[in-house]
Amino acid sequence: MFELWVPITLTAAVFQNIRTSLQKYLKGRLSTAGATYVRFLYAIPFALLYVFLLNDVGEYELPELHRRFLFFAMLGGVAQIGGTGLLIYLFSFRNFVVGTAYSKTETVQTAIFGIFVLSDPITLWAFVAIATSLLGVMLLAIAHQNLGVKQLFASLINKTAQIGIASGACFGVAAISYRAASLSINTSGFVMSAACTLAFVVLFQTVTMTIYLYLKEPGQLAAVFKAWKVAGIVGLTGMLASVGWFTAMTIQNAAHVRALGQVELLLAFMTSLIIFREKVNKVEIAGIVLLILGIWVLLMNV
């Protein structure tokens, strides 16, 4: 399984990078919640089509959904929305960069939750790899700010840091919950388990966010439908990314998957460097080196 989860995760990271770029474009037309909503709403038809094709063409059996599955799938869906909401809330603070950096502790928290919830083992080298890449990601988060590493860790008691940690915890809970939900289904293969989990979660999140937008931002529902051309692509790329994440986390430790998935930041860095010719500083270079080193150690020892 080691050889399979790696390309699946890397592919998911590529599609997520594309989806994120498109969502930034939509952010000019929609609210933050509206731009987030499209990734769920417009992913539904693609997710359901994927399950149908696996069942009809691939002849994978549809699983029976039981209480354990429903609990973890809904918990993951709520946790992901909560993590996103906390991350957005951070931008209302002047020193939001500190909170954003601490939200990157998601990988470490995912590893801890995985140990307690699923008894997923984490080797010493895997933990070293995760910690190394985490430090690299945090350096990238503060690269363009007048903030040193000592100041970053000294700010741990600040409200923004605590919100960031809470956001990372939510994303960690979501990752472990999705893995737990997928593993709880008895199907003819991990592909269908991941696909059904994804389809259910997307439906659940869409219903949840539809209710929220209807009550809090009713005008956004109409705006989301008007932006269907770009939003449709967001839904497709988001679904393809999610297929990769859910499938990889079904066959491999979620902490390993999320750690490798940080290669998305490397892709974004290369894009800004090569295409936009943006200047880089020493902190960014150090962050990228640590990120690459952490990923390399992970792949060599998992």
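A short reminder: the numbers here are calculations on the coordinates, not readings from a lab. Please read all numbers here as calculations on a predicted model, not as lab measurements. Using ideal geometry, Cβ is built from the backbone for each residue, glycine included, and neighbour counts are taken over all protein chains shown.
Tabulated data for the structure shown
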| read-out | value |
| --- | --- |
| C-alpha center-to-center spacing [the stretch 220-272, the stretch 172-187] in angstrom | 18 |
| Candidate lysines for bridging to K24, where Cα separation is under 25 Å - those fewer than 8 sequence places away on the same chain excluded | K104, K216, K226, K229, K279 |
| Range in the chain, longest, excluding exposed trypsin sites (Lys or Arg not before Pro) [loop by DSSP; at most 11 other beta-carbon atoms within 10 Å] | 95-276 |
| Where labels lie 7 Å past Cα in the beta-carbon direction, separation of K24 and K159 in nm | 2.9 |
| Distance from the stretch 197-213 to the stretch 39-108 (C-alpha centre basis), Å | 9 |
| Å³ per residue enclosed by the Cα convex hull of the stretch 44-139 | 163 |
| Span-like helix ranges in the chain, DSSP H, alpha carbon extent 30 angstrom or more, Kyte mean at least 0.0 | 2-26, 67-90, 159-183, 190-216, 228-251 |
| Estimated distance in nm for a label pair at A268 and E59, the labels positioned 7 Å out from Cα along Cα-to-Cβ | 4.4 |
| Loop-located chymotrypsin sites (Phe, Trp or Tyr not before Pro) in the stretch 230-302, at most 12 other Cβ atoms within 10 Å (DSSP) | F276 |
| With 5 Å bins from 0: P(r) over the stretch 135-238, alpha-carbon pairs, percent | 2, 9, 11, 14, 13, 13, 16, 14, 7, 1, 0 |
| Net charge, T187 excluded, C-beta distance under 13 Å - Lys, Arg +1, Asp, Glu -1 | -3 |
| Rg to Rh, two decimals, where the chain supplies the alpha carbon set and Rh follows Kirkwood | 0.96 |
| Cα-centred dipole magnitude for the chain, charges only on beta-carbon of K, R (+1) and D, E (-1), debye, nearest 20 | 1100 |
| Where GluC sites (Glu not before Pro) in DSSP loops with at most 14 other Cβ within 10 Å are excluded, longest remaining stretch of the chain | 65-277 |
